[in-house]
Every structure is written in structure tokens, then in C-alpha cells.
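**Q** Supplied in C-alpha cells, the structure appears directly below.
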Amino acid sequence: MTLPEAPKAVGNYVTVKRAGNLIYTAGHIPIDNKTKFTGKVPSEISVEEAYKAATLCADLTLATLSSEYKLETLTPINVVGFVNSDPSFTDHASVLNGFTDKLAETFNEKATRSAVGVTSLPLNVSVEVQSIFMIND
């Protein structure tokens, strides 16, 4: 699997933290060296493009995790995704499928998930996702 470069923290936080056998990731946003997904779903960015944004969030999360751990030693536990959406939008789950579909390609087990609509996100990104993994060592 080819992953992008793991993002660095841009504030007073860390991108990944272990507590016991749980690994927590900071919220990952869909920006890398080549791509930036911004705007409200669905008026400024389509559900299909927002799905791709969530997939990029997954790639960046996996890159962050693989910078410190072997992915094969991890199990996804929980995913919380935030969708920068218009007030009437109700299909947040279809957007977050981009993240969890990518996890399903990588891991044998599924995580629990919440898909939440919000009125804004940092840098006007369309999606932000944070997650919890368990390490099996």
C-alpha cells in the first residue's frame, strides 16, 4: 500500500497518542501536498468528492499510524467523522463511507462510527476524521 507523507501537527498537540493498548489519532483533514478538499457538502463539493476527501483522511490517518506502528498489529475500534455540510444535508454516512471503506480494505475488523454534520471546519475543509485503534502486541 502506498501512503502519503504523514501530516505533522500544526498546533499544540500530537497526531497520534497511545494510552494502554489504545491508539488515538488527532483529527485528520483532507489536505496533502497535491490535494485539498474544501467547501460545504453538497452545495460547494459533491457527495462523491467529499467521499474522496474522507478517503484521503483515511490515507493520512494510516500514514500517521504507520509512522509509529505496524498496521498489521492494529485493529480499528472507533471512527468519528465531521462533515462540513449545508443545514439541510442528511447523507453524512455516505461521505464517511470513504474513510471506513478504506479501513475495510486494510483491516479485517470493522470499527464503530459516528458521522456528524457541522457548520464549519478548520480551513473550510469538507471533512475531518479522528479515530481510535487497538494495538495487538
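**Q** Consider only pairs whose beta carbons are under 9 Å apart and that are at least six residues apart or on different chains; among these, list those whose first residue lies in region 47-72 and is under 15 Å from Leu22 (Cα atoms) and whose second residue is open to solvent by less than 20 Å² (accessible area, probe 1.4 Å) and modelled with pLDDT under 95.
**A** Every condition considered, no pair remains.
Yes/no per residue for (1) of a type in the set (Lys, Arg); (2) over 15 Å from the mean Cα position of the chain (by Cα):
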residue: Lys8; (1), (2): yes, no
residue: Arg18; (1), (2): yes, yes
residue: Ile31; (1), (2): no, no
residue: Lys36; (1), (2): yes, no
residue: Ala50; (1), (2): no, no
residue: Ala53; (1), (2): no, no
residue: Leu56; (1), (2): no, no
residue: Asp59; (1), (2): no, no
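**Q** Among the residues of region 65-85, is there at least one that is of a type in the set (D, E, K, R) and under 21 Å from Val116 (Cβ atoms)? Don't jump to the end; show me each part of the working.
**A** So the first thing to find is which residues in region 65-85 are of a type in the set (D, E, K, R), and the list is 68, 70, 72.
Now narrow it down to the ones that are under 21 Å from Val116 (Cβ atoms): none.
No, there is no match, as no residue in region 65-85 is of a type in the set (D, E, K, R) and under 21 Å from Val116 (Cβ atoms).
**Q** So which residues in region 20-29 are within 16 Å of the chain's Cα centre (by Cα) and under 14 Å from Phe133 (Cα atoms)?
**A** Going through region 20-29, the residues within 16 Å of the chain's Cα centre (by Cα) turn out to be 23-29.
Across region 20-29, the qualifying residues are Ile23, Tyr24, Thr25, Ala26, Gly27.
**Q** Looking only at region 115-137, which residues are of a type in the set (S, T, N, Q), open to solvent by 50 Å² or more (accessible area, probe 1.4 Å) and in a strand (DSSP E or B)?
**A** Our first condition is that a residue be of a type in the set (S, T, N, Q); within region 115-137, this holds for 119-120, 124, 126, 130-131, 136.
Pick out the ones that are also open to solvent by 50 Å² or more (accessible area, probe 1.4 Å) and you get 119-120, 124, 130, 136.
Of everything in region 115-137, just one residue is of a type in the set (S, T, N, Q), open to solvent by 50 Å² or more (accessible area, probe 1.4 Å) and in a strand (DSSP E or B), namely Gln130.
**Q** Residue by residue through region 51-103, note down the ones that are closer than 18 Å to Pro122 by Cβ and among the polar types (S, T, N, Q).
**A** Hits for region 51-103 are Thr61, Thr64, Asn84, Ser85.
The values are calculated or read from the model by the stated rules, or taken from the named source; none is laboratory data. None of the values given here were measured: they were computed from a predicted structure. A quick note on method: Cβ atoms are made from the backbone with ideal geometry, for glycine too, and the neighbour counts reach across all protein chains shown. These accessible areas exclude ligands, DNA and RNA; they are computed on the full protein's heavy atoms, side chains included. Shrake-Rupley method; radii C 1.70, N 1.55, O 1.52, S 1.80 Å.
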